[in-house]
Amino acid sequence: MKAWLIDDTKSGIEQLRIGTVMDPEPGSGEVVVKVHYASLNPADRYLSMGQYPAKPSLPHILGRDGVGEVVAVATDVKSLKVGDRVLLLRSEIGVSKPGTFAELVSVPVESLAPVPPKWSPEQSAGAPLVYLTAYQALTTWGKLPPHSVVLITGASGGVGVASVQLAEAMGFDVVALSRSANKREKLERLGADHTIDPTDPAWPKTVKQILGHRRVELAVDNIGGESFKGIVETLGENGRISCVGQLAGPVPNFSPATLFFRRLRVGGVAVGAYTPAESQEAWKAVLELLEKSGAEPLVDEVFPFEQLPKAFAKLAAGPMGKVVLEIEARRHGGA
């Protein structure tokens, strides 16, 4: 089969190359999926740069999300059959095992789920990892009361959009940060109550002015960097920060003393900590929330298989939603 390969986990996405490797065979409890669409995630780049705790066999195939058709089934698998349409939930696929930037991938059945009937194949390919991550970020501290204020940085990215949609469906008041005026307008249509430009140095003050006597109860931070200190400034008593990513790099000159007197809490989000059963349970909750609100996954752009490096460039530039790779969908009649 054809696949995009990396030869080490230190040289970055720039080393990507198309190669031919052996077709996978399903191991015990696995099926082989013909991949129709796969989606890109920042974690793919992190792994290629040695910034992710995984040591896959080389050459490695990246790609953690995907949608497609079952084409081979292990003898001990009874829950799926050839021809079933499935999407991949969070697993070791694309991490320690070969991923979805390939024509075929072997996946444990416990990490597969049916394709939602109302979604396009492109939406299905791009949804699982970002929605599971957003759900964990919003629920990891326990249940928040209705109309709690949730601040989301990097709100126009994959996890950002998912966080806005889920937070709105949970009944929270959403403050979304995005540098683009056009994207801020779209975020409001997606359910954000307030949108703010984080390039304005006074944005934390603006948040507090908008909220009046209220303060942010939970922040979902996809960015890190200098803006982290602004997030801390907007939090109220017992405020929490769910740290998802650091697209802007480490937090400079941060003093832990800023956490003390309001008893603020900071925690990392690691969707990889979900067991397969927990992923299935969280995914069910995600689908129920989206069905309740009528929201659907947002796909920014779809690239052909041969243009994966260009797709990563789009991801780095800051899409509105997900960037997706088309692998075989159109040549095989769709997912």
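The values are calculated or read from the model by the stated rules, or taken from the named source; none is laboratory data. Not measured: the values here are computed from a predicted model. Accessible surface is based on the protein model in full, side chains and every heavy atom, while ligands, DNA and RNA are left aside. Shrake-Rupley method; radii C 1.70, N 1.55, O 1.52, S 1.80 Å.
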Quiz item: When ligands, DNA and RNA are left out and all protein chains stay put, how many square angstrom of accessible area per residue does the chain have with a 1.4 Å probe?
Solution: 44
Quiz prompt | Separation between Cα centres of the stretch 254-296 and the stretch 1-15, rounded to whole Å | solution = 30
Exercise. Compute the Cα gyration tensor for the chain, then decide on rounded, prolate or oblate, letting a ≥ b ≥ c be the square roots of its eigenvalues: rounded whenever a/c is under 1.5, prolate when a/b is larger than b/c in the other cases, and oblate in all that remain.
Key: prolate
Practice problem: Using a 10 angstrom cutoff on alpha carbons, build the Gaussian network for the chain and name the most mobile of M49, M320, M22. | Solution: M22
Quiz item: Among rounded, prolate and oblate, which fits the stretch 27-153 when a ≥ b ≥ c are the square roots of the eigenvalues of its C-alpha gyration tensor, a/c under 1.5 means rounded, and a/b larger than b/c means prolate?
Solution: oblate
Self-check item: Tilt relative to the chain, helix 181-190 - C-alpha long axis, 0 to 90 degrees, to 10
Solution: 80
Quiz item: At a probe radius of 1.4 Å, what is the per-residue accessible area of T234, in Å² to the nearest 10?
Solution: 0
Quiz item: If you take the square roots of the eigenvalues of the alpha-carbon gyration tensor of the stretch 120-255 and sort them as a ≥ b ≥ c, do you get rounded (a/c under 1.5), prolate (a/b over b/c) or oblate?
Solution: rounded
Self-check item: Among beta bridges that DSSP assigns inside the chain, antiparallel share in %, nearest 5
Solution: 55
Self-check item: Candidate lysines - alpha carbon under 18 Å from K205, same-chain residues fewer than 8 apart omitted
Solution: K229
Practice problem: Pull up all non-local amide H partners of F172: gap of 5 or more, or a different chain, and H-to-H distance under 5 Å with H placed in the peptide plane. | Solution: H147
Quiz prompt | Karplus-derived 3J(HN,Hα), 6.51/-1.76/1.60, for each residue of the stretch 105-117, Hz, glycine and proline x | solution = 8, 9, 9, x, 4, 5, 10, 10, 9, x, 7, x, x
Practice problem: Taking a cut-off of 16 Å between Cα atoms, list the aspartates and glutamates near K208, but don't count ones fewer than 8 places away on the same chain. | Solution: D173, D193, D197, D200, E217, E233, E237
Practice problem: State the percentage of accessible surface on the chain attributable to carbon and sulfur atoms; use a 1.4 Å probe and exclude ligands, DNA and RNA. | Solution: 53
Quiz item: Relative to the longest principal Cα axis of the chain, at what angle does helix 158-169 sit, 0 to 90 degrees, rounded to 10?
Solution: 60
Practice problem: With θ set to phi - 60°, apply the Karplus curve 6.51 cos²θ - 1.76 cosθ + 1.60 along the stretch 303-310 and write out the HN-Hα couplings as whole Hz, x wherever there is a Gly or Pro. | Solution: 10, x, 3, 5, 10, 4, x, 5
Practice problem: Treating the angle as unsigned and between 0 and 90°, give the value, to the nearest 10°, between the Cα long axis of helix 128-139 and the longest Cα principal axis of the chain. | Solution: 30
Quiz item: Can you list the residues, at least 5 places off or on another chain, whose amide H is less than 5 Å from the amide H of I241, using H built in the peptide plane?
Solution: A219, R265, V266, G267
Practice problem: Once you've got the GNM for the chain with C-alpha springs shorter than 10 Å, pick whichever of I18, I61, I223 has the biggest mean-square fluctuation. | Solution: I18
Exercise. Tell me which residues come under 5 Å, amide H to amide H, from A72 once H is placed; ignore anything under 5 positions away on its chain.
Key: V32
Quiz item: Under 27 Å from the Cα of K322, which lysines turn up, not counting those fewer than eight places away in the same chain?
Solution: K2, K10, K34, K55, K97, K118, K183, K186, K284, K292, K310, K314
Self-check item: For the stretch 62-93 and the stretch 122-198, distance of Cα centres in Å
Solution: 29
Quiz prompt | Mean ellipticity per residue at 222 nm, deg cm²/dmol - from DSSP H runs of n ≥ 4 across the chain, formula -39500 (n - 2.57) | solution = -8500 deg cm²/dmol
Practice problem: Pick out which of V207, V251, V271 has the largest mean-square fluctuation in a Gaussian network model of the chain, springs linking Cα atoms closer than 10 Å. | Solution: V251
Quiz item: For the stretch 39-45, in order, what is each residue's ³J(HN,Hα) by Karplus, 6.51 cos²θ - 1.76 cosθ + 1.60 with θ = phi - 60°, in whole Hz (x at glycine and Pro)?
Solution: 10, 9, 9, x, 4, 4, 5
